[in-house]
Amino acid sequence: MAPGLGDGEVISWLPAQTDTYQRYGRVVCTYKDELITKRIMGLPGESIRIADGEFIINGEMVRKSPRLFQHFGLIVDCQSDSWRDATQSWEHSSNNWRCERVSPKHVSWLRFHPKISPGLIPDNGGVLIYDDVSWLPKETRRLEVVKDVGISAVLDIALQEEYGLEILIGINQHMARLVVRRQGRLAVIAGRLDGQFVVTAWPIPRQHREFHEGFDGIRTPLVHEIPEEWSAEVKVAHEKIRPQAKSLLLLGIKLLAKRGEVPSEEICSVKAEELLVWRDIRWLATPKKSEWSVPAGHVFVLGDCPAASSDSRHWGSIPIDSIQGKVVQPSSGEPLPFWLHQN
């Protein structure tokens with residue numbers, strides 16, 4: 001169940017009625033007289049298929065909401081020095097990027113160009129992201145290219161009245177365009193997820209800023225206003241994103257001014273905080289099987305680390321009666337922009 005639950009970690013769980021177990025819930029169940037922890041993914045009577053890293057139920061790809069994404073999203077890179085200033089408009093300081101002179105004449109671009117690290121292979125045209133994870137023991141296995149990747153950031157915007165700011169986020173062939181009309185802190189998420197290009201953004205009240213001690217002692221800001229649904233979804237054509245496609249990730253800003261107007265350079269400034277590159281979980285079929293049918297009175301359970309988990313892909317659906325209870329979820333709220341697990 002890594003990264004949400006690690007080896008040796010103590011968990012809490014509560015008994016519950018069998019009719020209250022829902023998809024995505026983490027449960028404690030018995031298998032071969034042992035207690036195990038898994039996540040419910042398939043319900044009685046459903047047909048399950050895993051194809052090209054995606055989880056498909058009754059012929060429909062399972063699509064994650066922003067809140068659900070926090071359970072499966074993984075941080076690929078959170079280092080500010082993994083970004084490059086493509087327009088000489090940004091300044092790098094204190095683990096953040098700041099653009100003091102936002103222009104209406106051109107887009108001020110930041111381009112993701114990381115150093116060599118596990119799971120990332122930089123290239124002149126972008127970067128390939130693999131389903132590598134640091135918590136797995138050393139083993140020989142084939143790494144799969146993850147296509148569901150994206151960017152999240154918190155933008156601290158200083159903007160004078162009567163002006164607008166255009167925010168552009170590019171992932172591969174797709175581009176999200178957001179227009180901001182007032183200053184403040186804004187959380188932004190965009191990327192390819194479950195066969196769609198998704199984007200959402202929401203303001204963050206300054207007075208609600210808290211901190212949570214996460215993996216490796218990293219202090220991550222918390223926020224409780226994560227939207228229930230994506231602000232926009234665009235269908236991604238599968239033929240456009242091949243398994244070996246290079247990932248080009250960009251963040252850009254541009255000042256929106258009236259025609260013929262030449263605003264001063266002090267009208268707007270933007271600071272990019274919590275600038276993260278994320279990837280989605282990549283589901284894996286077994287070498288011999290990729291489709292399953294869930295019998296009545298059973299559920300299909302999976303671990304959150306497909307490369308190492310032993311679950312219903314290997315030994316089939318389990319009886320609902322074998323579920324002992326629900327794993328108690330943390331109640332401290334979600335970090336900003338998400339609680340993306342440290343990879």
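Could you grab me the full set of residues in the range 80-99 that are of a type in the set (D, E, K, R) and over 14 Å from Leu155 (Cβ atoms)?
Start the filter on the range 80-99 by keeping residues that are of a type in the set (D, E, K, R), which leaves 81, 84-85, 91, 98.
Passing the criteria: Asp81, Arg84, Asp85, Glu91.
Here Thr18 meets the list (1) over 20 Å from Ala285 (Cα atoms); (2) buried (at least 19 other Cβ atoms within 10 Å of the Cβ) almost entirely, failing just condition (2).
Would you mind listing the strands (runs of 3 or more DSSP E) fully within the range 91-130 where at least 2 residues are farther than 30 Å from Gln160 by Cβ? Before the answer, list the steps.
Values: elements: 91-93, 96-99, 108-112, 120-123, 126-129.
Because the criterion is at least 2 residues that are farther than 30 Å from Gln160 by Cβ, the strands (runs of 3 or more DSSP E) in the range 91-130 that meet it are 120-123, 126-129.
Kindly establish whether Gly184 is within 19 Å of Glu274 (Cβ to Cβ) and surrounded by fewer than 21 Cβ atoms within 10 Å (Cβ to Cβ). Taking the combined requirement at face value, the residue satisfies it. Among the residues of the range 91-107, those that are touching a residue at least 24 places away in the same chain (Cβ under 8 Å) and in contact with a Leu (Cβ under 9 Å, 6 or more places away or on another chain) comprise Asn96, Trp97, Cys99, Val102, Ser103, Pro104, Val107.
Being surrounded by fewer than 14 Cβ atoms within 10 Å (Cβ to Cβ), in contact (Cβ under 8 Å) with a residue 12 or more places away in the chain and assigned by TED's automatic domain parsing to the domain that holds Gly303 is a description that applies to Tyr24. Please find, among Glu144, Glu91, the residue that is at pLDDT 90 or above and among the charged types (D, E, K, R). On inspection, the qualifying residue turns out to be Glu91. Looking only at residues of the range 47-60 that are small (Gly, Ala, Ser) and loosely packed, with under 13 Cβ neighbours inside 10 Å, we find that the one that is farthest from Thr18 (Cα to Cα) is Ala51.
Of all residues in the range 140-147, at least one satisfies being of a type in the set (Lys, Arg), exposed (fewer than 13 other Cβ atoms within 10 Å of the Cβ) and within 30 Å of Cys305 (Cα to Cα). Looking at (1) assigned to a loop (DSSP other than H, G, I, E, B); (2) of a type in the set (Val, Ile, Thr); (3) modelled with pLDDT of 90 or more, which is the one condition that is false for Val154? Unmet condition: (1).
Per-residue answers, yes or no, for (1) out of contact with any strand residue (DSSP E or B) (no Cβ under 7 Å at 6 or more places or on another chain); (2) closer than 20 Å to Arg279 by Cβ; (3) surrounded by fewer than 19 Cβ atoms within 10 Å (Cβ to Cβ):
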| site | (1), (2), (3) |
| --- | --- |
| Gly73 | no, yes, no |
| Trp83 | no, yes, no |
| Arg98 | no, no, yes |
| Pro122 | yes, yes, yes |
| Ile129 | no, yes, no |
| Val154 | no, yes, no |
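Here's the yes/no breakdown for (1) closer than 20 Å to Ala190 by Cα; (2) modelled with pLDDT of 90 or more:
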{"position": "Ala16", "(1), (2)": "no, no"}
{"position": "Lys64", "(1), (2)": "yes, yes"}
{"position": "Gln70", "(1), (2)": "yes, no"}
{"position": "Gly73", "(1), (2)": "yes, no"}
{"position": "Asn96", "(1), (2)": "yes, yes"}
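Looking only at the range 27-46, which residues are surrounded by 14 or more Cβ atoms within 10 Å (Cβ to Cβ) and either assigned to a strand (DSSP E or B) or small (Gly, Ala, Ser) (or both)?
We begin by selecting, within the range 27-46, every residue surrounded by 14 or more Cβ atoms within 10 Å (Cβ to Cβ); these are 27-31, 36-43, 46.
Hits for the range 27-46 are Val27, Val28, Cys29, Thr30, Tyr31, Ile36, Thr37, Lys38, Arg39, Ile40, Met41, Gly42.
The values are calculated or read from the model by the stated rules, or taken from the named source; none is laboratory data. Predicted, not measured: the structure shown is a model, and the values here were computed from it. FYI the Cβ positions are ideal-geometry reconstructions off the backbone, even for glycines, and counts take in every protein chain you see.
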